[in-house]
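A short worksheet on the structure shown next.
The values are calculated or read from the model by the stated rules, or taken from the named source; none is laboratory data. The structure displayed is predicted, hence computed values, not measured ones. Please note: Cβ atoms are built from the backbone with ideal geometry, for glycine as well, and neighbour counts cover all protein chains shown.
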Amino acid sequence: MSLQSILRYEQGTQKSAHLRKAYQMQVDRIKNDEMMAERDNIVRLHKYGDFWDEMASHFSHIEEAAMDEETRRKENIVSQRALWNESLEQSSWTKRIKEENKKIKEELRMAAKASLAVR
């Protein structure tokens with residue numbers, strides 16, 4: 001601390017014009033420093049605000065692309081399931097027809113045996 005700053009807080013010292021002038025210069029310097037710091041903050045916030053706005057728009061594009069990709073993936077899964085269900089239905093009908101053919105052949109064989117037994 002300077003001598004003027006120390007003397008300002010001493011009790012019983014007379015405040016001279018020199019001390020008042022030094023005090024006023026110190027107050028003005030502090031105000032000027034605060035004003036310059038505020039300007040720097042405004043410039044910094046504006047600069048970083050633009051940066052974050054740009055980053056937010058960039059991330060929103062990435063998010064949209066990811067959502068589009070996720071939607072395409074889900075549609076692809078639905079499409080694959082639909083194809084699987086269609087082929088499953090066809091397989092089921094084919095298997096059912098084969099099993100019914102086996103039953104019909106067995107019934108015909110049993111009916112042929114029964115007709116021989118009756119004769």
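So that you can scan it fast, the table gives a plain yes or no per residue for (1) more than 38 Å from the chain's Cα centre (by Cα); (2) at pLDDT 85 or above; (3) on the phi < 0 side of the Ramachandran plot:
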{"residue": "53", "(1), (2), (3)": "no, no, yes"}
{"residue": "61", "(1), (2), (3)": "no, no, yes"}
{"residue": "64", "(1), (2), (3)": "no, no, yes"}
{"residue": "74", "(1), (2), (3)": "no, no, yes"}
{"residue": "85", "(1), (2), (3)": "no, no, yes"}
{"residue": "89", "(1), (2), (3)": "yes, no, yes"}
{"residue": "93", "(1), (2), (3)": "yes, yes, yes"}
{"residue": "101", "(1), (2), (3)": "yes, yes, yes"}
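For the condition part of a helix (DSSP H, G or I) and either surrounded by fewer than 10 Cβ atoms within 10 Å (Cβ to Cβ) or in contact with a Ser or Thr (Cβ under 8 Å, 6 or more places away or on another chain) (or both), what is the one hit in 116, 45?
The match here is 116.
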